[in-house]
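Here the structure comes first, spelled out in C-alpha cells, and everything after it is commentary.
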Amino acid sequence: MSPRPALADLPARFDLVVIGGGITGAGILHEAVRAGASVLLVEQNDFASGTSSASSKLVHGGLRYLKDGQWRLTMESVRERNRLLRSRGGLVELQPFLMPIYQGMKPGRAVMRIGLAIYDLMGGQWRSRSLSAAQALQLEPQLRREGLMGAVAYEDARTDDARLVLRLIFEAQEAGGRTLNYVRVSEVLKADGRVRGVALHDLIGGERREIEAGMVINAAGVWSTGLPGDPGGAPTLRPLRGSHLIFPLAKLPVKRAVSWLHVRDRRPIFVYPWEGVALFGTTDLDHGDGDPARPEMTADEAQYLMEGLNHQFPDLGLTLADATSSYCGVRPIVASGKDDPSAESRESASWSSPGWIGITGGKLTTFRVTAVQVLTLAAKQLPVLTPLAEAPPAPTIPGRLQARHGPECVAWLARSAWAGDREDVPGTPYVWGELRWAARHEAVMHLDDLLLRRTRIGLLLPQGGVTVLEGVAAICREELGWDEVRWAQERSRYLDLWRRRHAIDFPGSV
Ligand SMILES: Cc1cc2nc3c(=O)[nH]c(=O)nc-3n(C[C@H](O)[C@H](O)[C@H](O)COP(=O)(O)OP(=O)(O)OC[C@H]3O[C@@H](n4cnc5c(N)ncnc54)[C@H](O)[C@@H]3O)c2cc1C
C-alpha cells in the first residue's frame, strides 16, 4: 500500500546518510540526489514532525534581522524567497504585509521606509509603499484607530512548511533517493577515528540494521546533540519556543498580513490569512530542558499573545475561546550568550569531523543555501557529493495541487473513479482526493501524519476536525487497509495528541 520500504530492502552502503527529515535534512537530500549521490534520509518520527511543521510559515527575508544588522542572512533570505516564488508557486505564494504606524512609535515611518527600501533593493524589485491612515483603514478596517498615522505596505511570502518538506522528500525519492520515516538513528558507527555509518531502528516494524555511509550528516535540529557515538564538536544550542494561535477568519478578518510591535515588549508579532484561517504569532522564549518533541504553549504565552492581539484589534473583542487551535515549535538556535532570546542570531552553524557533518540553526526560507553549504563542506571529504551550483530551473508556475503533490496527482485526480475525491473537505481548502493521494503515495503511517502534515486539517478545523473523521476513516480503510480496531487506535492516538499539542485548554483561560 504505502511505498515505505523495510530496512531489509535497503542497500548496505550509501554515499550519504542524512539524519532528520525536517527542512534542513530534506534540503540536503534534495540537493545531494540532484548531484547524483546515493542518499538515505531517516526520520525518527514523521517527516516534518519536528520544528519544520511548527514555523510561522513565512518565506521571508526577515525585516527584523535587518534591524539587528544581520545583512547576510536578510540578503540570502530575500533571494531565496524570490527563487521559491518563481520555482514553487502554488506552494510558496506572495504575501502582502501592512505595518501600521502610530504616533510616537519607534522606529517611525522614515526609518521604516529606509529599511524597506534596502529590503526592496536586496530583492531587486520595488515592493513597498507608504499609506495614509485612511488608506490603511480601507485595507484593514479593524486596526486600532487611536493614534494611527498611516502604514507601510510591503510583500513577502507564505508557504505550508510541512508540505514544502514533503515535496522535497518525495521529489528526491522519485529521483532515486531513499527515505524512511519512523526510523531512528540509534548509534553513530565509527572505525579508525572516522564515522563509517549508522545503526538504524525501525520504530514501526522493530527491525534494526547497520548501514555504511561515505558521510553522515546530522540535521537533527534541536536533537542534534547526544546521539550515542556522536563524534562531538556541536555548538551549544539554545532551544527557543514559539507559539501560535489560529482563529477563524470570520472572527479575525484580516485580508493581508498585519505586523506590529507587541505593546508589552515591542517584539514584532503578526497575523495573516493562511489556508482559510487567521494565523497569529509568535513568542520567542527559552524552552529550557523541556522535551523538544512535545512543546506546548503555556497559559502565560497565550495571555501574552492575546494582549498583543487585542491591543491591535480592540474592536474585535477576541478571547482565547474564539481560537480554533494552537501550535508551537522549538527553534534550534546556536547560543551566543545574549540575554534576550530574540537577539540570538538565526544563522545556521555547522561542525565536522572525519565522515561526519552536523548542521543546525538557520531558517526554513534558506534551506537550499544551507544544503549547498553543507554539501560543499562534505565534498572536501567525499567528492561525489559536490553540490550543483545552479538552482534547478523554474518550471512554469504549477497550480496548488501540483505544487503540493506533484504533477501525477493532478492527472490522477482528474480521472479518479471516486467522484467524491473532487469534492471539498468542508471548511478546508482541500479536496478529499488529496487525502486519498497522500494515504496511497505519501508514506502515511499514522492518522496524525495525514491530518497534521500531509494536510493541515487538524489545525484548521475545530476540535482537530472531528466532524470530518468519518470521511477520513473511509479513505484510511480503502487505501491503508486499516480495520475497525486499527482505526479506533489511530483515532484515539490522534485525538490525544491533538488535545495535548493543539487544544486551547488552560485552567481559567478566557
Ligand atoms: C515558532 C517558530 C517560527 C518560525 N518561523 C519561521 C518562518 O516563518 N520562516 C522561516 O524561514 N523559518 C522559521 N522558523 C525556523 C524554521 O522553522 C527552522 O529553522 C527549521 O524548521 C528547522 O528545521 P530542521 O530540519 O533543522 O529541524 P527539524 O524540523 O526539527 O528537523 C529535525 C528532525 O530530526 C529528527 N531526528 C532527531 N533525532 C533523530 C534521530 N536520532 N534519528 C532520526 N531522526 C532524528 C527529528 O524528529 C526532526 O524531525 C521558525 C521556527 C519556529 C520554532
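The values are calculated or read from the model by the stated rules, or taken from the named source; none is laboratory data. Note that the structure is a prediction, hence the values are computed from the model and not measured. We place every Cβ from the backbone using ideal geometry, glycine too, and count neighbours over all the protein chains shown. These accessible areas exclude ligands, DNA and RNA; they are computed on the full protein's heavy atoms, side chains included. Shrake-Rupley method; radii C 1.70, N 1.55, O 1.52, S 1.80 Å.
Consider PRO426 against the criteria (1) over 23 Å from VAL188 (Cα atoms); (2) surrounded by 17 or more Cβ atoms within 10 Å (Cβ to Cβ): it satisfies all of them except one. Which criterion is unmet?
(2)
Assess whether VAL425 counts as being touching a helix residue (DSSP H, G or I) at 6+ places or on another chain (Cβ under 9 Å) and farther than 20 Å from TYR182 by Cβ.
yes
Does ALA411 meet the test of being in a helix (DSSP H, G or I), open to solvent by 10 Å² or more (accessible area, probe 1.4 Å) and at pLDDT below 95? Let's see the steps before the verdict.
Values: in a helix (DSSP H, G or I): yes; open to solvent by 10 Å² or more (accessible area, probe 1.4 Å): yes; at pLDDT below 95: yes.
The answer is yes for ALA411.
Tally up the residues in the range 113-144 that are open to solvent by 10 Å² or more (accessible area, probe 1.4 Å) and either in contact with a Gly (Cβ under 6 Å, 6 or more places away or on another chain) or of a type in the set (D, E, K, R) (or both), please.
Number satisfying all stated conditions: 6.
Please find, within the range 56-78, the residue that is farthest from the ligand (Cβ to nearest atom) out of those that are closer than 19 Å to ALA371 by Cα and among the polar types (S, T, N, Q).
Looking at the filtered set, the residue picked out is THR74.
What is the residue count in the range 150-187 for residues that are of a type in the set (Asp, Glu) and open to solvent by 10 Å² or more (accessible area, probe 1.4 Å)?
Adding up the residues that qualify gives 4.
What are the residues in the range 198-220 that are β-branched (Val, Ile, Thr) and either within 10 Å of the ligand (Cβ to nearest atom) or crowded, with 23+ Cβ neighbours inside 10 Å (or both), if any?
Step one: of the range 198-220, the residues β-branched (Val, Ile, Thr) are 198, 204, 211, 216-217.
Result: VAL198, VAL216, ILE217.
Scan the range 346-357 for residues that are small (Gly, Ala, Ser), within 12 Å of the ligand (Cβ to nearest atom) and in contact with a helix residue (DSSP H, G or I) (Cβ under 9 Å, 6 or more places away or on another chain) and jot them down. Walk me through how you get there before you give the answer.
Residues of the range 346-357 small (Gly, Ala, Ser): 348-350, 352-353, 355.
Pick out the ones that are also within 12 Å of the ligand (Cβ to nearest atom) and you get 348-350.
The answer is SER348, SER350.
Table: residues versus (1) aliphatic (A, V, I, L, M); (2) touching a residue at least 24 places away in the same chain (Cβ under 8 Å); (3) at positive phi; (4) touching a strand residue (DSSP E or B) at 6+ places or on another chain (Cβ under 7 Å).
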{"residue": "LYS338", "(1), (2), (3), (4)": "no, no, no, no"}
{"residue": "GLU344", "(1), (2), (3), (4)": "no, yes, no, yes"}
{"residue": "TRP351", "(1), (2), (3), (4)": "no, yes, no, yes"}
{"residue": "PRO354", "(1), (2), (3), (4)": "no, yes, no, yes"}
{"residue": "ARG400", "(1), (2), (3), (4)": "no, yes, no, no"}
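Can you tell me which residues in the range 464-486 are part of a helix (DSSP H, G or I) and without any contact (Cβ under 8 Å) to a residue 40 or more places away in the chain? Full working, then the answer.
We begin by selecting, within the range 464-486, every residue part of a helix (DSSP H, G or I); these are 464-480, 484-486.
Hits for the range 464-486 are GLY465, VAL466, LEU469, GLU470, VAL472, ALA473, ALA474, CYS476, ARG477, GLU484, VAL485, ARG486.
Which of the residues that make up the range 146-189 are assigned to a helix (DSSP H, G or I), charged (D, E, K, R) and within 12 Å of the ligand (Cβ to nearest atom)? Step through it out loud before you land on a result.
To start, the set of residues in the range 146-189 that are assigned to a helix (DSSP H, G or I) comprises 161-174.
Now narrow it down to the ones that are charged (D, E, K, R): 161, 163, 167, 171, 174.
Within the range 146-189, just ASP161 meets the criteria.
When you scan the range 221-239, do you find a residue that is among the basic types (Lys, Arg), buried (at least 20 other Cβ atoms within 10 Å of the Cβ) and in contact with a Cys (Cβ under 8 Å, 6 or more places away or on another chain), even just one?
Just the residues of the range 221-239 that are among the basic types (Lys, Arg), to begin with: 238.
From the residues that got through so far, the ones that are buried (at least 20 other Cβ atoms within 10 Å of the Cβ) too are 238.
After this cut, where a residue has to be in contact with a Cys (Cβ under 8 Å, 6 or more places away or on another chain) as well, the list is none.
There is no residue in the range 221-239 that is among the basic types (Lys, Arg), buried (at least 20 other Cβ atoms within 10 Å of the Cβ) and in contact with a Cys (Cβ under 8 Å, 6 or more places away or on another chain).
Which one of the conditions (1) more than 12 Å from the ligand (Cβ to nearest atom); (2) at pLDDT below 95; (3) β-branched (Val, Ile, Thr) does THR225 fail to meet, given that it meets all the rest?
Among (1) more than 12 Å from the ligand (Cβ to nearest atom); (2) at pLDDT below 95; (3) β-branched (Val, Ile, Thr), the lone unmet condition for THR225 is (1).
Which one of GLU80, GLU76, GLU93 is touching a strand residue (DSSP E or B) at 6+ places or on another chain (Cβ under 8 Å), open to solvent by 30 Å² or more (accessible area, probe 1.4 Å) and over 13 Å from SER259 (Cβ atoms)? Quick ask: steps written out before the conclusion?
Numbers: GLU80 fails: open to solvent by 30 Å² or more (accessible area, probe 1.4 Å); GLU76 fails: touching a strand residue (DSSP E or B) at 6+ places or on another chain (Cβ under 8 Å).
Of the residues listed, the single one that is touching a strand residue (DSSP E or B) at 6+ places or on another chain (Cβ under 8 Å), open to solvent by 30 Å² or more (accessible area, probe 1.4 Å) and over 13 Å from SER259 (Cβ atoms) is GLU93.
Of the residues ILE269, ILE246, only one is in the same structural domain as GLN142 (by TED's automatic domain parsing), open to solvent by less than 40 Å² (accessible area, probe 1.4 Å), of a type in the set (A, V, I, L, M, F, W, C) and out of contact with any Gly (no Cβ under 8 Å at 6 or more places or on another chain); which?
Values: ILE269 fails: out of contact with any Gly (no Cβ under 8 Å at 6 or more places or on another chain).
Answer to the selection: ILE246.
Filter the range 217-249 for residues that are small (Gly, Ala, Ser), assigned to a loop (DSSP other than H, G, I, E, B) and touching a strand residue (DSSP E or B) at 6+ places or on another chain (Cβ under 9 Å) and give the result. Explain how you work it out, then say what you get.
Taking the range 217-249 and keeping what is small (Gly, Ala, Ser), we get 219-221, 224, 226, 229, 232-234, 242-243.
Okay, now just the ones that are also assigned to a loop (DSSP other than H, G, I, E, B), so 219-220, 224, 226, 229, 232-234.
Hits for the range 217-249 are ALA219, ALA220, SER224, GLY229, GLY232, GLY233, ALA234.
Do the conditions hold for GLY147, that is, is it open to solvent by 10 Å² or more (accessible area, probe 1.4 Å), touching a residue at least 60 places away in the same chain (Cβ under 8 Å) and not assigned by TED's automatic domain parsing to the domain that holds ASP449? Break it down stepwise before answering.
Values: open to solvent by 10 Å² or more (accessible area, probe 1.4 Å): yes; touching a residue at least 60 places away in the same chain (Cβ under 8 Å): no; not assigned by TED's automatic domain parsing to the domain that holds ASP449: yes.
In short, no.
SER325 - would you say it is within 16 Å of the ligand (Cβ to nearest atom) and open to solvent by 60 Å² or more (accessible area, probe 1.4 Å)?
On the way: within 16 Å of the ligand (Cβ to nearest atom): yes; open to solvent by 60 Å² or more (accessible area, probe 1.4 Å): no.
Judged against the criteria, SER325 is not a match.
From GLN381, GLN312, GLN303, GLN373, which residue is of a type in the set (S, T, N, Q) and within 14 Å of the ligand (Cβ to nearest atom)? Quick ask: steps written out before the conclusion?
On the way: GLN381 fails: within 14 Å of the ligand (Cβ to nearest atom); GLN312 fails: within 14 Å of the ligand (Cβ to nearest atom); GLN303 fails: within 14 Å of the ligand (Cβ to nearest atom).
Residue meeting the stated conditions: GLN373.
List pairs: first in the range 34-52 and more than 14 Å from the ligand (Cβ to nearest atom) and of a type outside the set (Lys, Arg), second assigned to a loop (DSSP other than H, G, I, E, B) and open to solvent by 30 Å² or more (accessible area, probe 1.4 Å), Cβ under 8 Å, 6+ apart or cross-chain?
Every condition considered, the pairs that remain are ALA35/THR386; ALA35/LEU388; SER38/PRO11; SER38/GLY176.
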